[in-house]
1. Under the condition of being within 15 Å of the chain's Cα centre (by Cα) and surrounded by fewer than 17 Cβ atoms within 10 Å (Cβ to Cβ), which residue from segment 47-58 is modelled with the lowest pLDDT?
2. Going through segment 82-99 one residue at a time, which ones are open to solvent by 30 Å² or more (accessible area, probe 1.4 Å) and either under 11 Å from GLY118 (Cα atoms) or among the acidic types (Asp, Glu) (or both)?
3. Just to be sure I understand the filter: pairs with C-beta atoms under 7 Å, separated by 6 or more residues or on different chains, first member in segment 95-122 and within 14 Å of VAL83 (Cβ to Cβ), second member acidic (Asp, Glu) and not in a loop (DSSP other than H, G, I, E, B). Which pairs pass?
4. Every residue in segment 115-131 that is small (Gly, Ala, Ser) and touching a Leu at 6+ places or on another chain (Cβ under 8 Å), please.
5. Can you name the residue in segment 106-131 that is of a type in the set (Gly, Ala, Ser) and open to solvent by 10 Å² or more (accessible area, probe 1.4 Å) and is also modelled with the lowest pLDDT among such residues?
6. Please name all residue pairs, on different chains or six or more residues apart, with Cβ atoms under 9 Å, provided the first residue is in segment 54-67 and is free of Cβ contacts under 8 Å to residues at least 40 places away in the same chain and the second residue is in a strand (DSSP E or B) and open to solvent by less than 70 Å² (accessible area, probe 1.4 Å).
7. Run SER20 past the list (1) outside any strand (DSSP E or B); (2) open to solvent by less than 80 Å² (accessible area, probe 1.4 Å); (3) modelled with pLDDT of 90 or more; (4) out of contact with any Phe, Trp or Tyr (no Cβ under 9 Å at 6 or more places or on another chain) and report the number of the one that doesn't hold.
8. Among the residues of segment 126-155, what is the count of those that are in a loop (DSSP other than H, G, I, E, B) and under 18 Å from the mean Cα position of the chain (by Cα)?
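The values are calculated or read from the model by the stated rules, or taken from the named source; none is laboratory data. Since this is a predicted model, take the numbers as computed values, not measurements. Neighbour counts run over all protein chains shown; Cβ positions are idealised from the backbone, glycine included. Each accessible area value is taken on the protein alone, full model and side chains, heavy atoms only, with ligands, DNA and RNA left out. Shrake-Rupley method; radii C 1.70, N 1.55, O 1.52, S 1.80 Å.
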Amino acid sequence: MRVRIPNGVLRPFLIVGVASGLLSGGCTLDKVNEADLVGPSEQGVSVQLTALPDTVNADGVSQVQVELRVRANSGEALSGLAVLFHLDGGDGTMLQQAGFTYVGPVQDGIVMATDTNGVARVVYTAGTASPATVTISVRPYGIDGVRFFTRTIDILQR
């Protein structure tokens, strides 16, 4: 038996109609609403520090290229930035890479300037302690607090 409500619609059709209306228009699962990006940070700096290779023989002659790549908030290379490479741990030595601008030594590291591609590179020569983890840290050298960062990278010496 079907019961009519005052507007003349049968009750089962009313329930099905309301349920299908809620499912079809109220909620969709086929798209994701992502917030729009405002833009790059006004003071953001992209820093990439790599060591190739990251594992070296503890023979006193094997070398590792340690490269820093720095970009501004717009994605363009930061050239002419003085950066300090510091040997935090390990018994090897660090020297400037030929072809890159060497600013000079300081008491506890080497200061290099980034080139037109935003790259500065040093060479780490392994020591003889084995096994050992060598840590090299990099930070800007100067008083520019806006572009301050510190990055470290580990090299395994076997």
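1. Keep residues of segment 47-58 that are within 15 Å of the chain's Cα centre (by Cα), which gives 47-51.
Among the residues that remain, those that are also surrounded by fewer than 17 Cβ atoms within 10 Å (Cβ to Cβ) are: 48, 50.
Details: GLN48: 93, THR50: 96.
Here the answer is GLN48.
2. Within segment 82-99, ASP88, ASP91 meet the criteria.
3. Partner pairs satisfying both residue conditions: VAL119/GLU67; ARG121/GLU67.
4. GLY118, ALA120
5. Here is the first cut: in segment 106-131, the ones of a type in the set (Gly, Ala, Ser) are 109, 113, 118, 120, 126-127, 129-130.
The next check asks that each one be open to solvent by 10 Å² or more (accessible area, probe 1.4 Å); those that pass are 109, 113, 129-130.
On the way: GLY109: 91, ALA113: 94, ALA129: 91, SER130: 88.
Across segment 106-131, the extreme among qualifying residues is SER130.
6. Within 9 Å, no pair qualifies.
7. (3)
8. So the count comes out to 5.
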